[in-house]
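Below is one structure, written out as structure tokens; the observations come after it.
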Amino acid sequence: MTRLVDFLNVIFCLVLDILAAQCIFSIILVKLCFCILRDLYFVFVCFDFVFVCLRLCLLCCCGFLKCISNLKCRNAMQKYGIISESAWERKKLQCVIIDLVLNNSEVKLHHNLVDTNIALCSPTVPPLFSDNFDFQTRDDFIHGILINEEILASSLYYTLLKSNQYAAAITNWKTYQTVCRDILHKWVYPLSIESGLYSRDKYTLTGNLNFVENSAMLSRSCVLTENTLIGAKTQVQDNTTVTKSIIGKKCTIGNNVIINGSHIMNNVIIKDNCRISNSFIDDNCVISEGSNLHAGTIIAENVKVESGSDLKGRIECSIDNDKKLQKSESSGTEWEESSGSSDEEFIGFDKVWSDSESCYSSISSADSSLPDSPVPDDTKMFLQEVIDSLARGYDEKLKCDYLILEINSSRYAYNIQLNEVNFFVVRALLSMPVLSEAKNVLTTVKDILKYFRPVLANYIKSKSSIMDCLRAVEDTCLNCEWLDGKSGQILHLLYEADVVDEDSLVDWYAELKENANPFVKQPSLVKFFEWLQEASEESDDSE
């Protein structure tokens, strides 16, 4: 999303500290950064042997000098250690690991914090970014490298911004609208609209946080209620009401129009008697007479909406040569909302799209993509290479450290995600050729798990990786005839080898039952979980 605030005739600023001079802020246009960095999401700035990792499209007005001093004096920040857990499901009650509380003398729980996407890093971190290019987000990098690779002396700390400081990253439409609102409310002072720091256009504050560019033409009977910005050379005609909305340059708003909570970009024509609520309209669009745009509607650039159109929420209109509406004069295409959710990047921001749900699709979760979809060619090649490496290592009794290096090399070559690596390493172990030829499969599996225990320990560490492991067992037992009907015994061997724990097993089994998975009815699996429950009850009684 390179066009962020065209209504101010400027692309949002990536604000960096001028640390040497201890200034409050400086400005580098994101437009310039995009020309240089293309599709990169982060930029590193070095100061006094400390790297500041900043995400593009970041608005910031805060100082880093004290934080850098604390980072260089590691002991001074020990009390600020942080453990974060994203609330993927919006619930009134969230689970907290009790050990995190009991093992620390002082614990603070926050539920209202927002990630600023600013990270202060030691000089060892930037090379890791270049070596591990397949991580899509900073959190993936942290969990995949700083934690899984067990880099010595690596710790995470946090610093809370003061009440007079501000920082927020534009990662999606919701954060975009939230930051726009914060600018109108002057939360980012001294980066204010009327100060002229954003553009050369001159805006006048008319009351109730309404900003009007001096060349805009407003009818005497139009009403700007609150939190509104009108761009240069825009015309607003009679009996029109605009509330909590941003209107760009050279727009024409007709008579008797009601606009509420919407973003309207440049050169847009909205004709008489239209109703627009919590919508986004891109450049050069025409909304004809009597149209009604419900909450959550997105209109892409160069689209004409015909007279009397009634666009419900969860619809996107855009030009598309491959899919066009039948029997319609409108130059647009209707798209149904995908089932994805993109909340993970803006936990902590208020929900500002009225009562409608998010209208923007995202990548589906990795958990559901592994067993249900055909394996891509690159993934098949990666799996085969892992099987070959493990089989050769088992036959020649190679060190597991060397095999881990081979697996990681294949992972980077085929751009395999970390959760997929966990899945396919376990699948490869259970698919080795020696198993298809073994007289006693379970004894051979036990020997394989014992020999490759360091490999499993390198990849199967967290709760999510254990779930990847269990899904791999499920997939392999269904597809390999030598493991047919032996799923319970395989899980028992993994449990005895401390590869999987009881809680993860119970959660996975409950998930199978909830989804009515036929795999749950396998006799060996049922017997294993009956044994697991009895063992747990006996352990509780003995305590």
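Laboratory data are not the source of any read-out in this text; all were calculated from the coordinates shown. Just so it is clear, the structure is predicted and the values come from calculations on it, not from any experiment. Heads up, the Cβs are rebuilt from the backbone with ideal geometry, glycines too, and the neighbour counts pull from every protein chain shown.
Dipole magnitude for the stretch 366-542: computed about the Cα centre from +1 point charges on Lys and Arg Cβ and -1 point charges on Asp and Glu Cβ, it is near 620 debye. Note on Ala413 and Glu534: the extension gain reaches 39.0 nm, defined as 0.36 nm multiplied by sequence separation minus the Cα-Cα distance. In the stretch 366-542, inverting the average of 1/r over every pair of distinct C-alpha atoms gives 16.7 Å as the Kirkwood radius.
In this calculation the C-beta distance from Glu496 to His110 is compared with R0 = 45 Å, giving a FRET efficiency of 0.70. Placing a pseudo-label 7 Å from each Cα along the Cα-to-Cβ vector at Glu437 and Tyr158 gives an inter-label distance of 5.5 nm.
Can you pick out the pairs among Lys108/Lys162; Lys186/Lys233; Lys397/Lys463; Lys397/Lys446; Lys271/Lys312; Lys174/Lys513 whose Cα atoms lie more than 27 Å from each other? Exceeds cut-off: Lys397/Lys463; Lys174/Lys513. Coupling constants for the stretch 224-236 follow from the phi torsions by the Karplus curve (6.51 cos²θ - 1.76 cosθ + 1.60, θ = phi - 60°), and in residue order they are 10, 6, 6, 6, 10, 10, 10, x, 5, 6, 8, 10, 10 Hz; glycine and proline get x.
Database remark: amide H of Thr204 closer than 5 angstrom to the amide H of Val212, Glu213, Asn214 (H placed geometrically; neighbours at sequence offset of 5 or more, or on other chains; Pro and chain starts carry no H). What residue among Pro433, His492, Ile460 has its Cα farthest toward the positive end of the dipole of the stretch 366-542, where the charges are +1 on Lys, Arg and -1 on Asp, Glu, each on the Cβ? Value: Pro433. Rounded to 0.05, the FRET efficiency of the Val506 and Asn103 pair, given R0 = 25 Å and the Cβ-Cβ distance, is 0.55. Our coupling estimate for the stretch 404-421, obtained by passing each phi through the Karplus curve with A = 6.51, B = -1.76, C = 1.60 and θ = phi - 60°, is 4, 4, 5, 5, 5, 5, 5, 4, 5, 5, 9, 6, 8, 6, 4, 5, 5, 4 Hz, Gly and Pro reported as x. Sorted ascending by nearby beta carbons within 10 Å, beginning with the fewest, Trp508, Trp187 become Trp187, Trp508. Working ranking of peptides 268-275, 221-228 by packing, defined as the average number of other Cβ atoms within 10 Å per residue, highest first, is 268-275, 221-228.
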